[in-house]
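Q: Pasting a structure below so you can have a look.
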Amino acid sequence: MELLNLHRIVDVTAAEGPGLRCAVWTQGCSVRCPGCFNPQTWTTRGGTLLHWRDLVSRVLDIDGVEGVTLLGGEPFDQAEPLGEFAAAVRSAGLSVMTFTGHVLEDLPPSRLLGSTDLLVDGPFLADRPEPSRPWVGSANQRFHFLTDRYDESIFTTPNRLELTISPEGAIELNGFATTEVLEALLERDPR
């Protein structure tokens, strides 16, 4: 399979992993965690089909990113074409961070897993919020340093929430903020 089914791409973000990254959300999720931040990505309908090579070209044309973050949906539902994509961007010097609702022990070997530097695994559990580590929503989710590209020093990175308003007026939000952070923002400007 050569085509990816994608929900969204943010070319440059500081809210979806270490450093500046391109974030790629897949469309389609077989895990479907209750309370998911992105339930609109569960169905395989409504995404944008893109050849993995075209995504490589797009990412390599972005200046200033150190890597790519693959989110979902569920990236491992598209392990074959995402594996080709991840291997290509890694060979060009970029890092790959992948989120999955599965646990590492249940993932079969794949090119996607083999081309991932930093894996965050585990389903989102709404009753186990994670306030201290960046990028994860629940305390059960684990970080796996699959290469020496990153280490535990990344845990000093704060969670970020990014709001983008396009010239046409479309509003996009990405990143993660705790309820406390959102409440503090509303207290400053309740509009």
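The values are calculated or read from the model by the stated rules, or taken from the named source; none is laboratory data. Keep in mind that this is a model prediction, so the values were computed, not measured. So basically every Cβ, Gly included, is an ideal-geometry build from the backbone, and we count neighbours across all protein chains shown. Heavy atoms of the whole protein, side chains included, go into the accessibility calculation; ligands, DNA and RNA do not. Shrake-Rupley method; radii C 1.70, N 1.55, O 1.52, S 1.80 Å.
Q: Among the residues of region 1-31, how many are modelled with pLDDT of 90 or more, in contact with a helix residue (DSSP H, G or I) (Cβ under 8 Å, 6 or more places away or on another chain), under 16 Å from F76 (Cα atoms) and assigned to a loop (DSSP other than H, G, I, E, B)?
A: 5
Q: Here is a follow-up. Which pairs have Cβ atoms under 6 Å, sit 6 or more apart or on different chains, and link a residue in region 28-54 that is within 21 Å of G137 (Cβ to Cβ) to one that is open to solvent by 80 Å² or more (accessible area, probe 1.4 Å)?
A: Cβ pairs passing all conditions: G28/T44; W42/R32.
Q: When you scan region 75-96, do you find a residue that is open to solvent by 70 Å² or more (accessible area, probe 1.4 Å) and assigned to a strand (DSSP E or B), even just one?
A: The answer is no, given that none of the residues of region 75-96 is open to solvent by 70 Å² or more (accessible area, probe 1.4 Å) and assigned to a strand (DSSP E or B).
Q: To continue, here is another question. Restricting to region 123-146, name every residue that is over 17 Å from C36 (Cβ atoms), surrounded by 14 or more Cβ atoms within 10 Å (Cβ to Cβ) and over 16 Å from the mean Cα position of the chain (by Cα).
A: Of everything in region 123-146, just one residue is over 17 Å from C36 (Cβ atoms), surrounded by 14 or more Cβ atoms within 10 Å (Cβ to Cβ) and over 16 Å from the mean Cα position of the chain (by Cα), namely L146.
Q: Run down L60, L112, L104, L71 and say which single residue is within 22 Å of D151 (Cα to Cα), open to solvent by 10 Å² or more (accessible area, probe 1.4 Å) and out of contact with any His (no Cβ under 8 Å at 6 or more places or on another chain).
A: When all the criteria are applied, what remains is L71.
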